[in-house]
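Here the structure comes first, spelled out in structure tokens, and everything after it is commentary.
The values are calculated or read from the model by the stated rules, or taken from the named source; none is laboratory data. Just so you know, these numbers come straight off a predicted model, no measurement behind them. In this analysis, Cβ positions are derived from the backbone assuming ideal geometry, glycine residues included, and neighbour counts consider all displayed protein chains.
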Amino acid sequence: MGSPEFALPSLQLLLDAGHEVVLVLSRPDQPAGRGRTLTPTAVSAFARARGLPLETPARLRDPVLRDRLSELRPDLFVVVAYRILPPSLLAVPRLGSINLHGSLLPAYRGAAPVERALWNGEATTGLTTFLLEQGVDTGEILGATELCIGPDETAGELRERMSRAGAPLLAASVAAVLERRALPRRQPEGEFPLAPKLGPADRLLNFTLPAAHLHNRVRALSPEPGALALFRGQPLQVLRTSRVPQAEPGEPGRLQVRAKRLYLACGDGELEILELMPAGRKRLAAQAWLAGARLGDTDKLVAAPAPSTGEDT
């Protein structure tokens, strides 16, 4: 069970190990692009290309789905970046359900562990395999692996690296459960950071914040949905930045060009902007964007307006 590219290395490794994947579940195809063409998830496309049995249910609580899964008599459900399973489905597999989660549990339980670790400026993260239960990311731990986070690494880069590191961890946990040698352990009690999904309001850059905070937010939101500001009244996504040591603070949001490099003034110093994306265009290196922008002495980035009331944040 999975949907995004993050799940593909795990599925491929399970197939390579000779496990019988009797069914793949993924989210329904969704409209995408300017033409709103129905587009499959990465996992659905993978399954169809390899002739794997596939279903894309809209409702996980549908009794028909439960009966269909029960008829397959699965030993295990293996879940990577899918959806919260209802109790009716958790009761189906003979040996339970294993989930691969993108943090060192119990830290960063929730939908966005990769993004929230970057948002909070963590230097390390990791992956955990655990047995699913009704609580969100609360089940007994099977295994874990720790990873360092690069100081300029973005969510997209970290997620891709974690997907490759998580596959062998998951495969080892699956083998341990099937061979009855797993030793699950309860998660520690205490207060730990959570990982709620980032919403539209989280995209909006506040240039009075310290440079380190802004840098972490840009990283957490890159490549999608992108940290957002306004330049000359038009939306502009900031996709990659770098810290500038010992820079003097200026007017927050002010843009400067020095030696053909683009700098942004923050609350306590500067960031160098390396990549950005104007509305309706592809992502650009800062030098390419500067060639067309022709910055003046008073040009700056300003905060985009907050989402309207009622929009999901």
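Please find, among Leu194, Leu147, Leu183, the residue that is at pLDDT 95 or above, aliphatic (A, V, I, L, M) and in the same structural domain as Arg83 (by TED's automatic domain parsing).
Numbers: Leu194 fails: in the same structural domain as Arg83 (by TED's automatic domain parsing); Leu183 fails: in the same structural domain as Arg83 (by TED's automatic domain parsing).
Of Leu194, Leu147, Leu183, the one residue that is at pLDDT 95 or above, aliphatic (A, V, I, L, M) and in the same structural domain as Arg83 (by TED's automatic domain parsing) is Leu147.
Determine which member of the set Glu157, Glu191, Glu122, Glu146 is without any contact (Cβ under 8 Å) to a residue 60 or more places away in the chain, farther than 19 Å from Phe77 by Cα and part of a strand (DSSP E or B). Spell out the reasoning first.
Working: Glu157 fails: part of a strand (DSSP E or B); Glu191 fails: part of a strand (DSSP E or B); Glu122 fails: part of a strand (DSSP E or B).
Going through Glu157, Glu191, Glu122, Glu146 in turn, just one is without any contact (Cβ under 8 Å) to a residue 60 or more places away in the chain, farther than 19 Å from Phe77 by Cα and part of a strand (DSSP E or B): Glu146.
Among the residues of the stretch 179-188, how many are surrounded by fewer than 17 Cβ atoms within 10 Å (Cβ to Cβ) and under 25 Å from the mean Cα position of the chain (by Cα)?
Residues flagged as surrounded by fewer than 17 Cβ atoms within 10 Å (Cβ to Cβ) and under 25 Å from the mean Cα position of the chain (by Cα) within the stretch 179-188 amount to 1.
From the list Pro31, Pro63, which residue is exposed (fewer than 14 other Cβ atoms within 10 Å of the Cβ), over 29 Å from Ala172 (Cβ atoms) and at pLDDT below 95? Break it down into steps so the answer makes sense when it comes.
Numbers: Pro63 fails: at pLDDT below 95.
After applying the criteria, what remains is Pro31.
Can you name the residue in the stretch 82-103 that is part of a loop (DSSP other than H, G, I, E, B) and within 15 Å of the chain's Cα centre (by Cα) and is also surrounded by the fewest Cβ atoms within 10 Å (Cβ to Cβ) among such residues? Spell out how you get there, then give the answer.
The initial filter retains those residues of the stretch 82-103 that are part of a loop (DSSP other than H, G, I, E, B), namely 82-86, 91-96, 102-103.
So of that shortlist, the ones also within 15 Å of the chain's Cα centre (by Cα) come out as 82-83, 102-103.
Working: Tyr82: 20, Arg83: 16, Gly102: 27, Ser103: 25.
My answer is Arg83.
This table checks each residue for (1) charged (D, E, K, R); (2) at pLDDT 95 or above; (3) surrounded by fewer than 18 Cβ atoms within 10 Å (Cβ to Cβ).
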site	(1), (2), (3)
Pro151	no, yes, yes
Thr154	no, yes, no
Val177	no, yes, no
Pro235	no, yes, yes
Arg240	yes, yes, no
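Does Ala293 qualify as being touching a residue at least 60 places away in the same chain (Cβ under 8 Å) and more than 21 Å from His215 (Cβ to Cβ)? Let's see the steps before the verdict.
Details: touching a residue at least 60 places away in the same chain (Cβ under 8 Å): yes; more than 21 Å from His215 (Cβ to Cβ): yes.
Yes: the conditions hold for Ala293.
Would you check which residues across the stretch 252-273 are in contact (Cβ under 8 Å) with a residue 60 or more places away in the chain and either part of a strand (DSSP E or B) or among the basic types (Lys, Arg) (or both) and list them? Steps first, please.
Residues of the stretch 252-273 that are in contact (Cβ under 8 Å) with a residue 60 or more places away in the chain, as a first pass: 267, 271.
Result: Leu271, single match.
Scan the stretch 266-279 and tell me whether some residue there is surrounded by fewer than 19 Cβ atoms within 10 Å (Cβ to Cβ), outside the structural domain of Ala112 (by TED's automatic domain parsing) and over 25 Å from Leu118 (Cα atoms).
no
Looking at Leu214, is it in contact (Cβ under 8 Å) with a residue 60 or more places away in the chain and either outside any helix (DSSP H, G or I) or crowded, with 16+ Cβ neighbours inside 10 Å (or both)? Steps first, answer last, please.
Numbers: in contact (Cβ under 8 Å) with a residue 60 or more places away in the chain: no; either outside any helix (DSSP H, G or I) or crowded, with 16+ Cβ neighbours inside 10 Å (or both): yes.
In short, no.
Among Thr154, Thr128, which is outside the structural domain of Leu274 (by TED's automatic domain parsing) and touching a His at 6+ places or on another chain (Cβ under 8 Å)?
Values: Thr154 fails: touching a His at 6+ places or on another chain (Cβ under 8 Å).
Checking each option against the conditions leaves just Thr128.
Yes or no: the stretch 213-230 includes at least one residue that is more than 23 Å from the chain's Cα centre (by Cα), over 21 Å from Ala288 (Cβ atoms) and not assigned by TED's automatic domain parsing to the domain that holds Asp152. Don't jump to the end; show me each part of the working.
To start, the set of residues in the stretch 213-230 that are more than 23 Å from the chain's Cα centre (by Cα) comprises 230.
Filter once more, keeping what is over 21 Å from Ala288 (Cβ atoms): none.
No, there is no match, as no residue in the stretch 213-230 is more than 23 Å from the chain's Cα centre (by Cα), over 21 Å from Ala288 (Cβ atoms) and not assigned by TED's automatic domain parsing to the domain that holds Asp152.
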